[in-house]
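Data block below; observations after.
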Amino acid sequence: MACWADLRALQRDSAQLCPRCTSFSINAAVCVQCQHKRRPLTALYASYYYTAPLKQLLRAFKHQRQLAILDTLAALMLAQPPVWLQQENIDGVLAIPLSRNRLFERGFNQSQLLAAAIARHYGLPLIPIHWIHRHHRPPQSTLKSKQRRDNVRGVFQVRKSLKNRNLLLIDDVVTTGATITELAHTLKFCGVAQIYAWTLAHPK
């Protein structure tokens, strides 16, 4: 397994990232694009760059079912939390759900395992994953950017009231942000107050 120092070297500098889309932005100012585009997420943060050796660790965890890697991945996230987390009033932690088909194929939801570790560490309620239903669609990783947005449109359904709550969404990797943005749109439509997102990794 890759050493801790190699993994910590992949940390992203939150002082140089837009707090809403994680693109480069001096002094963590909201970037021009986010200033002119209304987004459902109050804040979005990724702790590390999605590259070697973290990419290999995540693949082994998700696709080879090496669940022992979970403790390392959770520790990495907790070692590099978003600067805004302690300042916000979070009511619950919610993992990005998998469809029933994908969950059956994989056997577990990697984001739910990370969300449980984060909720436990901060003493926050973990929202039951079955409160959000995800319709089955082709894997996002097999699609291009525009196709990803179309693929997740209308994919989520909220089954329990989360009205007026401030939620922290957890995922392992954010790439185009299509999935996490679609979920945030759905939650906002159902009355969720503020939505924050924290992921382990983001491509360079």
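The numbers here are math on the coordinates, done by the rules we state, and not lab data. Since the structure is predicted, the reported quantities are computational estimates derived from the model, not experimental observations. Here the Cβ positions follow ideal geometry from the backbone for every residue, glycine too, while neighbour counts run over all protein chains shown.
Numbers for the structure displayed
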quantity: Sum of side-chain charges, I96 neighbourhood, beta-carbon under 15 Å (Lys, Arg +1; Asp, Glu -1); calculated: +4
quantity: Rounded if a/c under 1.5, otherwise prolate or oblate - the range 101-204, Cα gyration tensor axes; calculated: rounded
quantity: Where labels lie 7 Å past Cα in the beta-carbon direction, separation of L85 and A193 in nm; calculated: 2.1
quantity: Length gained when the stretch D150-Q64 is fully extended (0.36 nm per residue, less Cα-Cα span); calculated: 28.1 nm
quantity: Scaled radius of gyration (Cα, divided by 2.2 N^0.38 Å) that the chain gives; calculated: 0.96
quantity: Assigned charges on the beta-carbon of Lys, Arg, Asp, Glu; the chain dipole about Cα centre (debye); calculated: 780
quantity: Size of electric dipole in the range 148-204: Cβ of Lys, Arg +1 and of Asp, Glu -1, about Cα centre, debye, nearest 20; calculated: 200
quantity: Where chymotrypsin sites (Phe, Trp or Tyr not before Pro) fall in DSSP loop in the range 99-167, at most 14 other Cβ within 10 Å; calculated: F108
quantity: Charge dipole (the range 48-149, unit charges on Cβ, about Cα centre) - positive-most of P82, L124, A68; calculated: A68
quantity: Extension gain (nm, one decimal) between K37 and Q56, 0.36 nm per residue minus Cα-Cα; calculated: 3.4 nm
quantity: Using a Förster distance of 22 Å, the FRET efficiency for R159-D71 (Cβ separation, nearest 0.05); calculated: 0.10
